[in-house]
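The values are calculated or read from the model by the stated rules, or taken from the named source; none is laboratory data. Just so we're clear, the structure is a prediction, and the values are computed from it rather than from any experiment. Counting neighbours? That spans all protein chains shown, and the Cβs are built from the backbone with ideal geometry, glycine included.
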Amino acid sequence: MQEFFLKHKKRIIGAGIAILVLVTVIASGIKLNATLLESAIGVVVTPFQDLTTGISSWIDDTVTSARNKTKLKDENEELKQQIAEMEATVRQGEADSQENVFLRDLLDLRKQRRDLSDFETATVMERSVTNWTSSLTLDKGSVHGVEEGDCVIDGQGNLVGRISEVGYNWSTVLTVVDTDTSLGARVYRTQDIGIANGDFALMERGQLRLDSLPVSSQLLEGDLIVTSGLGGYLPPDLVIGSVSSLQADDSDTSVYAVLTPAADLDSLTEVCVIKSFEIVS
C-alpha cells in the first residue's frame, strides 16, 4: 500500500482536489460555461497543484532521507563488524606471539635443566586472589598425569607454586604467595638456608617472606632466592624471587626478608607442571 501511494501520490492528491472543487461548484448552484469553469478550476487548482508538488517533494525527501539513514546504519554495522574482526585477529596474533615466546623459553630450559625430566605444559584458565588464598586453575589434570604436590614453573624456570587439587582434566595451583606456602629456600649468593612462607598481609601485595635464616646471614636487598631442594619435594635452584626489603619481626629481635616472586603471577597464560625430576650430578 505504501509503495502504491508513493508511486501514484500526485495523481491521488490531484484527483482529490478536483473532486473537491467540482462538488463545491455544483453545491453553490452557479452555472458556468466550459471556459469559465475551466478558468475557475484553474484559479482554485493551481495553488493546490503547488501544494501537491511541495508535499510530493517533501515525501520524496523524507523517503530519501530514511533510505540514506538505513544505508548509513548498515554501513556502520558493517564497519563495526570489520573492526571487531580486526581486533580479534590482533588478539590472536598477540596470543600466538606469547605462546611462541613461552615455547622458546621452554626449549632453552630443557637444555639447561636436564634434571626436569618430565613435565606437562598447561594453560591458565582462571586466577583467584582473595583474602585467604592465591591460586590458578589449569587445563590439565589426572588424565594428563598431573598429581597433587607437583611443582609448577613458568617458561623460564621460575617457581609459580604447587598443585593442591586435581580433577580429571583440570588442576588448582596454590601460588608462592599463598598463605599456605612453606618451602625450603636458599640465598643464591651466600648459600644460606631459610624458609619461604606465605603471609596474609604480604599476599595482598603479591609478595611472601623469607624466615629462619642463620643469625650470621648477611642478606642484601636484591639477593636472589631459589629453592633449596632439601627433602626432595621440589627440584633445587628454581628461582622463587628476590629480596625487596628487610623487616624486623613483631618481637624486634630478628629480621625477615620480603620477597617479590620472579614469576609474573598476574599475567601468566602458560605454565609447566613438573611431574618428575631427578638429581643430576
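Condition check ((1) closer than 20 Å to K275 by Cβ; (2) not aliphatic (A, V, I, L, M); (3) not assigned by TED's automatic domain parsing to the domain that holds Q218) across all residues:
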| position | (1), (2), (3) |
| --- | --- |
| T130 | no, yes, no |
| K140 | yes, yes, no |
| I153 | yes, no, no |
| Q156 | yes, yes, no |
| V176 | yes, no, no |
| S182 | no, yes, no |
| A185 | no, no, no |
When you scan the stretch 152-200 for strands (runs of 3 or more DSSP E) that lie fully inside it, which ones turn up with 2 or more residues that are at pLDDT 95 or above and within 32 Å of the chain's Cα centre (by Cα)? 159-166, 171-175
If I filter the stretch 114-144 down to residues being of a type in the set (S, T, N, Q) and part of a strand (DSSP E or B), which single residue comes out as surrounded by the fewest Cβ atoms within 10 Å (Cβ to Cβ)? S128
Is there a residue being surrounded by fewer than 21 Cβ atoms within 10 Å (Cβ to Cβ), of a type in the set (V, I, T), in contact with a strand residue (DSSP E or B) (Cβ under 9 Å, 6 or more places away or on another chain) and modelled with pLDDT of 95 or more anywhere in the stretch 240-248? yes
Which residues, counting only those in the stretch 201-228, are of a type in the set (A, V, I, L, M, F, W, C) and under 31 Å from the mean Cα position of the chain (by Cα)? A201, L202, M203, L208
